[in-house]
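Asker: Please read through the structure below; I'll follow up with questions.
The values are calculated or read from the model by the stated rules, or taken from the named source; none is laboratory data. Predicted model only: the values in this text are computed from it and were never measured. Heads up, the Cβs are rebuilt from the backbone with ideal geometry, glycines too, and the neighbour counts pull from every protein chain shown.
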Amino acid sequence: MYIHRIPVFNRFQWLNHPQVTNILALFLKPPSRGRKGYDKVLLFRWLIYKQVMDCSYRDLESITRIDYSTFIKFKKRLKDQLLLKNIFTVLSSAVANNLNSITALIDSTFVQTYSRRDEAGSEYFGYKEKNGFKLHQMIDYETRLPLLQCATGGARADIVWGGALMRAAPESWRIRELAADKAYDGANFVMDIVRRFPRIKVAIPLRRHKPNDSWFNRMMKAWERTKIRRIYRKRSAIERYFSRKKHVFHFGEERTRGLKNFEANACLVSIAEILEYAAKPEIWWVLFTKLWAFCLRTKTFYVLIYNNARNIHQGRAYF
């Protein structure tokens, strides 16, 4: 016998909110034939519990009386079928489409490998002098929610994958401002953003110029960028966001190895952040309505999962 109400601290009581269960039920439906097995929504909520409480699968077994291998197989199935990635895509799209104005913040965070050695997909990052992975993310300033993300090796350039994030953002998103640090200082990068979103205000500080760099080149490089200091000051919010992601949701402390597991953990944490926001009483009904309308327009969510998985497999999509 397992518990339907998950025992958590007060700050994690959103995990027992009925709308969290309703939103997850849109994606995790029982099979139409054969044995039903355990409730998939309940298993997913216990996986989030494991993440926020930083416990092991054996601890879940002692609490739920469900064999620990059940949770391992369930998460592996979510990873192999790209369900975690597609659930995050649908949730983040519903959030972005519901925002009247988006102030996008872009940055990356480095996570060392669990073994502290080279693993599948990991790369040596010279600045940290460690082997690990990078999570590149775009978040919204007002809601502090992730909108787009991708996982790479630890040595990948931020500006390259920042451009990939901006290309993946639909033009229908109302992105009005963009803030990033000096790692994204590039004339082509800024020009591509301005072409894609004509009304956007880009706040990226210039790097320290070289001695032989002329004033004309510096002036032309800063031509497409805003001088509003209020937007530049917003960039530090993404640093606090990554700090909360690592200290509250324990991102990067999972006992898993390899890039695929790292990406699955990143998607699970991002889903948990959106569900925490959706449990707020003043906005949950808006987000839930958006999700329900989105699923009705696609007629069936499994068609979306199949199409996204096929595009990713064929290399026609980044995320």
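Asker: Restricting to the stretch 53-65, give me the number of residues that are touching a residue at least 40 places away in the same chain (Cβ under 8 Å) and buried (at least 20 other Cβ atoms within 10 Å of the Cβ). First the steps, then the outcome.
Answerer: The first filter runs over the stretch 53-65 and keeps only residues touching a residue at least 40 places away in the same chain (Cβ under 8 Å), leaving 53-54, 56, 63-65.
Keeping just the survivors that are buried (at least 20 other Cβ atoms within 10 Å of the Cβ) gives 64.
Looking only at that region, the number is 1.
Asker: Taking the condition touching a residue at least 24 places away in the same chain (Cβ under 8 Å), farther than 20 Å from Arg255 by Cα and buried (at least 18 other Cβ atoms within 10 Å of the Cβ), does Val41 pass? Let's see the steps before the verdict.
Answerer: Working: touching a residue at least 24 places away in the same chain (Cβ under 8 Å): no; farther than 20 Å from Arg255 by Cα: yes; buried (at least 18 other Cβ atoms within 10 Å of the Cβ): yes.
In short, no.
Asker: How about the stretch 1-28: which of its residues are polar (S, T, N, Q) and without any contact (Cβ under 8 Å) to a residue 40 or more places away in the chain?
Answerer: Initially, the stretch 1-28 is screened for residues polar (S, T, N, Q), giving 10, 13, 16, 19, 21-22.
The answer is Asn10, Gln13, Asn16, Thr21.
Asker: Go through the stretch 8-64 and tell me which helices (runs of 4 or more DSSP H), entirely inside it, have 3 or more residues that are farther than 15 Å from Glu273 by Cβ and of a type in the set (A, V, I, L, M). Working first, answer last.
Answerer: Values: elements: 18-25, 40-53, 57-64.
Counting at least 3 such residues, we get 40-53.
Asker: Would it be correct to say that Ile72 is at pLDDT 95 or above, under 22 Å from Phe12 (Cβ atoms) and among the β-branched types (Val, Ile, Thr)?
Answerer: Values: at pLDDT 95 or above: yes; under 22 Å from Phe12 (Cβ atoms): no; among the β-branched types (Val, Ile, Thr): yes.
So Ile72 fails the test.
Asker: Among the candidates Arg218, Arg244, single out the residue that is within 30 Å of Arg199 (Cα to Cα) and either in a helix (DSSP H, G or I) or at pLDDT 90 or above (or both). Can you show your working first?
Answerer: Working: Arg244 fails: within 30 Å of Arg199 (Cα to Cα).
The conditions single out Arg218.
Asker: With respect to Thr89, is the statement that it is in contact (Cβ under 8 Å) with a residue 12 or more places away in the chain, hydroxyl-bearing (Ser, Thr, Tyr) and outside any helix (DSSP H, G or I) true? Outline the logic, then answer.
Answerer: Numbers: in contact (Cβ under 8 Å) with a residue 12 or more places away in the chain: yes; hydroxyl-bearing (Ser, Thr, Tyr): yes; outside any helix (DSSP H, G or I): no.
Judged against the criteria, Thr89 is not a match.
Asker: Let me ask you something else. Going through the stretch 152-168 one residue at a time, which ones are closer than 22 Å to Tyr277 by Cβ and either without any contact (Cβ under 8 Å) to a residue 40 or more places away in the chain or among the small types (Gly, Ala, Ser) (or both)?
Answerer: Ala168
Asker: Could you tell me which numbered condition Pro31 fails, if it satisfies all but one of (1) in contact with a Lys or Arg (Cβ under 6 Å, 6 or more places away or on another chain); (2) free of Cβ contacts under 8 Å to residues at least 24 places away in the same chain?
Answerer: With (1) in contact with a Lys or Arg (Cβ under 6 Å, 6 or more places away or on another chain); (2) free of Cβ contacts under 8 Å to residues at least 24 places away in the same chain applied to Pro31, the lone miss is (1).
Asker: May I ask you to list the residues in the stretch 69-123 that are among the aliphatic types (A, V, I, L, M), in contact with a helix residue (DSSP H, G or I) (Cβ under 9 Å, 6 or more places away or on another chain) and over 23 Å from Cys55 (Cβ atoms)?
Answerer: Scanning the stretch 69-123 gives Leu82, Val90, Leu91, Ala94, Val95, Ile102, Ala104, Leu105, Ile106, Ala120.
Asker: Oh, and also: Do any residues in the stretch 176-197 that are within 18 Å of Ile228 (Cβ to Cβ) and in contact (Cβ under 8 Å) with a residue 12 or more places away in the chain have Cβ atoms under 8 Å from those of residues that are acidic (Asp, Glu) and assigned to a loop (DSSP other than H, G, I, E, B), where the two are at least six apart or on different chains, and which pairs are they?
Answerer: Listed by first residue and then by second, the contacts come to Val190/Glu224; Val194/Glu224; Phe197/Glu171.
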